Amino acid sequence: MSNSKKPKKIGILTAGGDCPGLNAAIRGVGKTAIVEYGMEVLGFNAGYTGLINSDYIELKESKLSGILTLGGTILGTSREKPYKLVKEDGGENDKPDKIIETYENLGLDCVVCIGGNGTMKTANLLSKEGLNVIGIPKTIDNDVWGTDVTFGFDSAVQIATDAIDRLHTTANSHQRVMIIEIMGHHAGWLALYSGVAGGGDIILLPELEYNIRSVCKKIESRYEDNKPYSIVVVAEGIEHPKNKSAASHIAESIQTYTGIETRETVLGYIQRGGSPTPMDRILATRYGAFAAQCIAEGKFGTMVAVKDNDLTTVPLEAVGGKLRLVEKEHPLITKARKMGVSFGDEY
């Protein structure tokens, strides 16, 4: 139990894009806060919008039962950025003041913000306002700075890998080049891991500058070696014309330069849906329980993180505005190259 005579009252919100494991994280925070520390727990609806509008529900332990395996988030989410000025407002923005008012009126001792880079940036700004805040990193892109891994990533890798596996059979049957577009605007972690796990022949990442001629030479080389089909895994954030998807651009270019029949698949939001994998359930639970512990110990203004599989914290001010990108000499890239995988930059 907490040493404080009055039980702490905390809030939880999920912001930004949804992903598998959010409910597991909510459960991890809530159950630990209630059972171990006797805290009162509120859940804010639709991310930071709930804090702005004082829109919340009470999260009793019974409300947290049965949600471990659920995809999405029972609290809902939004991409509300309370510190972003809107032109129509004439530069005025009272949203941060409303959040502070909600925080004080409810007598909160801390708000747990579960989200990605944008969520952590806002969490840091709220911390600077004097609010007690703790962040929990989630995103299928795995690009939150300061932690080795975010929950949601493993689930998305499994979904993307399964899709690549299925494309192999069609590509082989029709002797086609199959392009599959994977999420990842700036970071190529998802494309890299699913591409290697799914046996992709070519993997294109935002961090590595590719040459379409190099891509085509790899495909033609495979064709000459009696490998009449190829799987090209493409991160959505690679360089491509704005009026086309990354997949359609690569597909059109390959067909133009090689004459080999090429088809595209954009996996899209399927990667963010469904039940979390066991690994993500465990990671989200670890993060949530540790966040509750940090609240009890007064470790505010931090984001919980994993370093070498150990739980730790990093300052929120060190996280906001940064991205964890794939290094050009990442060991998985190096090993994949040695097995003949092309990253489109060989020529």
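The values are calculated or read from the model by the stated rules, or taken from the named source; none is laboratory data. This is a predicted model, so every value here is computed, not measured. Methodologically, a virtual Cβ is constructed for each residue, glycine included, from the backbone with ideal geometry; neighbour enumeration extends over all protein chains shown. Quick note on the areas: whole protein, heavy atoms, side chains included, nothing else; ligands and nucleic acids left out. Shrake-Rupley method; radii C 1.70, N 1.55, O 1.52, S 1.80 Å.
Got a number for carbon plus sulfur as a percent of the stretch 1-145's accessible area, 1.4 Å probe? If you can, show how the numbers build up before the last one.
Numbers: 2860 of 6230 Å².
Of all accessible area on the stretch 1-145, carbon and sulfur atoms account for 46 percent.
The reciprocal of the average 1/r between distinct C-alpha atoms defines the Kirkwood hydrodynamic radius, which for the stretch 39-178 equals 17.7 Å. Only protein heavy atoms count here; on that basis, with a 1.4 Å probe, LYS322 has an accessible area of about 90 Å².
Computed with a 1.4 Å probe over protein heavy atoms only, the accessible area of LEU68 comes to about 50 Å².
Which of LYS6/LYS98; LYS244/LYS335; LYS218/LYS322 have a Cα-Cα distance over 30 Å?
Working: LYS6/LYS98 25 Å; LYS244/LYS335 32 Å; LYS218/LYS322 34 Å.
Listed pairs above 30 Å: LYS244/LYS335; LYS218/LYS322.
Computed from point charges on the beta carbon alone (+1 for Lys and Arg, -1 for Asp and Glu), the dipole magnitude for the stretch 160-228 about its Cα centre is near 180 Debye. Two numbers describe the Cα atoms of the stretch 141-209: Rg and Dmax, which are 12.8, 44 Å.
Each principal axis of the Cα cloud of the chain was taken in turn, and the coordinate range along them, longest first, works out to 76, 46, 31 Å.
Accessible area per residue for the stretch 71-202, computed on protein heavy atoms with a 1.4 Å probe, is 40 Å². Surface composition of the stretch 156-287: carbon plus sulfur atoms contribute 47% of the solvent-accessible area (1.4 Å probe, protein chains only, all chains present). Projection of the Cα convex hull of the stretch 216-347, averaged over all directions and equal to a quarter of that hull's surface, yields 11.9 nm². Accessible surface for the stretch 272-320, divided over its residues, is 42 Å² per residue with a 1.4 Å probe. Across q = 0.34 Å⁻¹, the stretch 212-256 modelled as identical point scatterers on its alpha-carbon atoms has Debye log10 I(q)/I(0) values of -1.29, in the order of the q list.
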